[in-house]
Amino acid sequence: MLSSEIINVWPHNLMSEFIHINKCVSLFPYVSIDTEFPGTVYHQINIPKHSMESLSPAEFYAVMKRNVDALKLIQLGLTLSSSDGRSHYSWEFNFRDFDSDRDLQNAESVSFLKRQGIDFLKNKQQGIESWVFALLFRRYIAWQGKELKWATFHGPYDLGFLIKILTGMELPESLDGFMMLVRGFLGDEVYDLKKVVRDFGLGGGLEGVARSLNLERVTGRRHKAGSDSLMIMRVFFELKGKCSEEEMNRILQSLQQFGFTGVMHFLHLLTNFFLEK
């Protein structure tokens with residue numbers, strides 16, 4: 001059953017929804033996440049934004065860290081799926097951390113998010129404190145995170161903001177330190193579909209990939225975290241269904257040759273990090 005409902009989470013239902021998630025994860029071991037944040041404001045000198053993937057892993061991480069450390073999270077979407085991809089639950093967590101009138105932001109990105117339906121005033125007045133979310137996430141999800149399979153789409157920033165709020169600190173200085181935290185909270189199986197779709201001859205953003213796969217958005221709007229997390233999950237299982245289990249394993253294993261089980265696009269040159277652990 002493909003549920004079209006995305007549960008909007010605010011302080012009044014935060015605890016009850018985390019309890020619900022905790023009860024579901026044993027039967028729904030696939031998790032996709034997406035975040036919305038106020039754009040990026042720092043870039044590598046002399047490197048156009050669209051060419052960021054040409055940076056080395058360490059260079060990319062340095063730029064990402066500077067942005068994540070300076071900016072505040074707006075939304076986090078989370079979708080749980082059964083192993084066959086037929087049943088889903090989706091949540092959209094709305095945070096109060098970001099003040100659109102005062103905080104650092106990319107004005108163009110914030111204007112776009114407003115047009116997509118994010119109510120910044122409501123978030124500021126009624127949203128979730130990120131430290132409370134972090135406390136409940138660690139209590140109800142992170143302790144079993146290593147048993148789950150995590151999917152993102154172009155996910156470094158999603159993971160960066162998640163790690164930032166889970167630790168309540170700026171990101172580690174080194175990429176190795178960041179990867180240790182990702183592995184500690186989420187385990188080894190963290191996949192970035194932005195990298196995986198290339199093995200299927202697909203490219204572009206999430207919306208473009210979904211169109212290529214003839215997937216229509218069943219609820220919500222693009223660049224709303226809950227709806228995008230659901231679309232990421234649907235893309236994952238659509239790709240999984242297009243090949244045999246052996247072929248999918250071959251694709252995923254081809255991403256392991258660099259020494260880690262999960263894959264984020266900016267880490268694909270990082271050699272032997274996990275093998276050395």
>> Take residues that are more than 29 Å from Gly117 (Cβ to Cβ) and under 18 Å from the mean Cα position of the chain (by Cα) and tell me which of the helices (runs of 4 or more DSSP H) falling wholly in the range 154-248 contain 3 or more.
In response: 175-186
> Among Asp192, Asp188, which is surrounded by fewer than 16 Cβ atoms within 10 Å (Cβ to Cβ), touching a helix residue (DSSP H, G or I) at 6+ places or on another chain (Cβ under 8 Å) and either more than 22 Å from Ser87 (Cβ to Cβ) or among the basic types (Lys, Arg) (or both)?
Replying inline: Asp188
> Does Trp131 count as in contact (Cβ under 8 Å) with a residue 24 or more places away in the chain and hydrophobic (A, V, I, L, M, F, W, C)?
Replying inline: yes
> Pick from the range 237-255 the residues that are modelled with pLDDT under 90 and hydrophobic (A, V, I, L, M, F, W, C): which of them is surrounded by the fewest Cβ atoms within 10 Å (Cβ to Cβ)?
Replying inline: Cys243
> Only one of (1) at pLDDT 95 or above; (2) out of contact with any helix residue (DSSP H, G or I) (no Cβ under 9 Å at 6 or more places or on another chain) fails for Leu113. Which number is that?
Replying inline: (2)
> Can you name every residue in the range 199-216 that is in contact (Cβ under 8 Å) with a residue 12 or more places away in the chain and within 15 Å of Lys240 (Cβ to Cβ)?
Replying inline: Asp199, Phe200, Val209, Ala210, Leu213, Leu215
> How many residues does the range 125-151 hold that are touching a Lys or Arg at 6+ places or on another chain (Cβ under 8 Å) and either part of a strand (DSSP E or B) or loosely packed, with under 14 Cβ neighbours inside 10 Å (or both)?
Replying inline: 3
> Can you find a residue in the range 134-143 that is touching a residue at least 24 places away in the same chain (Cβ under 8 Å) and within 18 Å of Ile74 (Cβ to Cβ)?
Replying inline: yes
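The values are calculated or read from the model by the stated rules, or taken from the named source; none is laboratory data. This one's a predicted model, so the numbers in the text were calculated from it and none came from an experiment. Methodologically, a virtual Cβ is constructed for each residue, glycine included, from the backbone with ideal geometry; neighbour enumeration extends over all protein chains shown.
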